[in-house]
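Values in this text are rule-based calculations from the coordinates and carry no lab data. Since this is a predicted model, take the numbers as computed values, not measurements. Note: ideal-geometry Cβ built from the backbone for every residue, glycine included; neighbour counts use all protein chains shown.
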Amino acid sequence: MKVQTRYIHRKTKGICDIHDITKDVENEVATSGIINGTVTVFVPGSTAGITTVEFEPGLKKDLPELFEKLAPTGVTYHHDATWGDGNGFSHVRAALLGASLVVPFNNGTLLLGTWQQIVLIDFDNRARQRKVIAQIMGD
């Protein structure tokens, strides 16, 4: 079994900024030399998450609206009282979504559904430079 760790960098705007990183992950798998296996996609930090969606205009509006209902901005969070940074909502949103995703691949091709893309969502209350880890394992 081989393991390779790669990095994908994205400049984000925060507040539910959604980035399709599917092509980046595909490229990392394709250039790894590993033919069959899995890729774990992980975002370090506690104010962003990774998932799959159909990356289309409607969902790019629906997801921020959903997260605003679940963990609204403009309300007081205990985290804000602790650190004073006003981003308690972003930590709650990231915890709900999760920081990682595992995708199988075969013959160097991600086994995603036809309308399924891998996305990075930055929930923080400010722009960030995000580093996403793609750890590729297999033969």
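Observations
- For first residues located in segment 29-46 and closer than 10 Å to LEU101 by Cβ and touching a residue at least 12 places away in the same chain (Cβ under 8 Å), partners that are among the acidic types (Asp, Glu) and part of a helix (DSSP H, G or I) and lie 6+ apart or on another chain with Cβ distances below 9 Å form the pairs VAL39/GLU28.
- Of the helices (runs of 4 or more DSSP H) contained entirely in segment 15-127, those carrying at least 2 residues that are out of contact with any Cys (no Cβ under 6 Å at 6 or more places or on another chain), loosely packed, with under 13 Cβ neighbours inside 10 Å and among the basic types (Lys, Arg) fall at 57-70.
- When ARG10, ARG6 are checked against the criterion of being closer than 15 Å to ILE133 by Cα, of a type in the set (D, E, K, R) and within 13 Å of the chain's Cα centre (by Cα), a single residue qualifies: ARG10.
- When segment 128-139 is filtered for residues that are among the basic types (Lys, Arg) and buried (at least 16 other Cβ atoms within 10 Å of the Cβ), the ones remaining, listed by number, are ARG128, ARG130.
- Checklist (1) more than 17 Å from ILE8 (Cα to Cα); (2) in contact with a His (Cβ under 8 Å, 6 or more places away or on another chain) applied to VAL119, failing item: (1)
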